[in-house]
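In what follows, a single structure is set out as structure tokens and then discussed.
The values are calculated or read from the model by the stated rules, or taken from the named source; none is laboratory data. Predicted, not measured: the structure shown is a model, and the values here were computed from it. Because the Cβ atoms are built from the backbone with ideal geometry, glycine has one as well, and the counts that use them run over all protein chains shown. Areas reflect the complete protein model, heavy atoms only, side chains present, ligands, DNA and RNA absent. Shrake-Rupley method; radii C 1.70, N 1.55, O 1.52, S 1.80 Å.
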Amino acid sequence: MLLIIGIISLVSFLPTLVTPIEPPTPPSASAQLALAEAANEPFWISIRKTYSNKQFWVLFIAFSVYVAFFNAFSSLINQIVKPYGYSDDDGGIFGACMILAGIPGAALAGAYVDKTKNYKTLLKTCSPFLAISYVALIFVIREDFFIGICTVSIILGICSFSLLPVALELGIECTYPIPPSSSISTLWMGGNLSAVIFLIIGDSLRDDYGDPPKNMRTALISAAAVAIAASFLTFFYNSPNHRLEAEKKKLKEQKGSVDVVNHPT
């Protein structure tokens, strides 16, 4: 198995050796403007500008929390449910529910925001549902409630997978014209670092002498409390979509230029 994974990884890596740093032409008008502005700007300058953006930090905290909790829950799901009489196969089913529901959920959410551009609406809709789902886990994870755990896992998968690309897109929007590499790399760093921290904390909160023994109820309560706080925080995100506004402005200018050419005074 490891050999197969290694071969697939190597084959996937090879195209990166011949992939150009940037496309021959900018993919959009806003990208052209951003490239022109940041052409001679060092990466650390872009990072400093990103870190001075207060709206980005609101997004960073929420993104880090939800990525961390999803990764931690999917990693610890077997240990969380096993004290209540569920098998490893049951834990695998709960994890599969999150992924199998999340993929089509993300596809639908992607189609919706691509058509409407309502990124902030989806952010402020999914976040409360995620918080409610983490609260629900405290109550559904008990003996003989397989369908309840599956249901909450499905909701977690749909909301988490839907929120991920939206948060990354908003990270680009609120920091534009700073290159996307600055905001996206910072968001992923926060999410992965927070996941490691919560995995360690969650495991340390295991109650070896509770009822039932080795239950992780305290960890679930802690996660729910933080998720609720992160949910409230998303309502403070109100940054304009700078990239989309630049795109509209550029298209308007181009349309005006065409009108002048076609209808000279």
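Of all residues in the stretch 56-109 being farther than 18 Å from Ile155 by Cβ and among the polar types (S, T, N, Q), which is modelled with the lowest pLDDT?
Here the answer is Ser75.
Return yes when Asn192 is touching a strand residue (DSSP E or B) at 6+ places or on another chain (Cβ under 6 Å) and not β-branched (Val, Ile, Thr) and no when it is not.
Taking the combined requirement at face value, the residue does not satisfy it.
Could you check the stretch 227-251 and list, in sequence order, the residues that are at pLDDT below 75 and open to solvent by 80 Å² or more (accessible area, probe 1.4 Å)?
Leu251
Among the residues of the stretch 182-211, what is the count of those that are open to solvent by 60 Å² or more (accessible area, probe 1.4 Å), among the polar types (S, T, N, Q) and within 16 Å of the chain's Cα centre (by Cα)?
Here the count works out to 1.
Just need a number here: residues in the stretch 169-187 that are touching a residue at least 24 places away in the same chain (Cβ under 8 Å) and assigned to a helix (DSSP H, G or I).
Counting residues in the stretch 169-187 that are touching a residue at least 24 places away in the same chain (Cβ under 8 Å) and assigned to a helix (DSSP H, G or I) gives 12.
Scan the stretch 134-147 and give yes if some residue there is of a type in the set (Lys, Arg), outside any helix (DSSP H, G or I) and without any contact (Cβ under 8 Å) to a residue 60 or more places away in the chain, otherwise no.
Yes, the stretch 134-147 contains at least one residue that is of a type in the set (Lys, Arg), outside any helix (DSSP H, G or I) and without any contact (Cβ under 8 Å) to a residue 60 or more places away in the chain.
So which of Lys124, Lys115 is open to solvent by 20 Å² or more (accessible area, probe 1.4 Å), of a type in the set (Lys, Arg) and in contact (Cβ under 8 Å) with a residue 60 or more places away in the chain?
That would be Lys124, the only listed residue that is open to solvent by 20 Å² or more (accessible area, probe 1.4 Å), of a type in the set (Lys, Arg) and in contact (Cβ under 8 Å) with a residue 60 or more places away in the chain.
Restricting to the stretch 12-24, give me the number of residues that are at pLDDT 75 or above and either more than 25 Å from Ser181 (Cβ to Cβ) or open to solvent by 100 Å² or more (accessible area, probe 1.4 Å) (or both).
3
Just one of the numbered conditions (1) under 23 Å from Gly171 (Cα atoms); (2) open to solvent by 60 Å² or more (accessible area, probe 1.4 Å) is not true of Ile221; which one?
(1)
Considering each residue of the stretch 151-167, count those that are in contact (Cβ under 8 Å) with a residue 24 or more places away in the chain and open to solvent by 10 Å² or more (accessible area, probe 1.4 Å), and give that number.
Of the residues in that region, 9 qualify.
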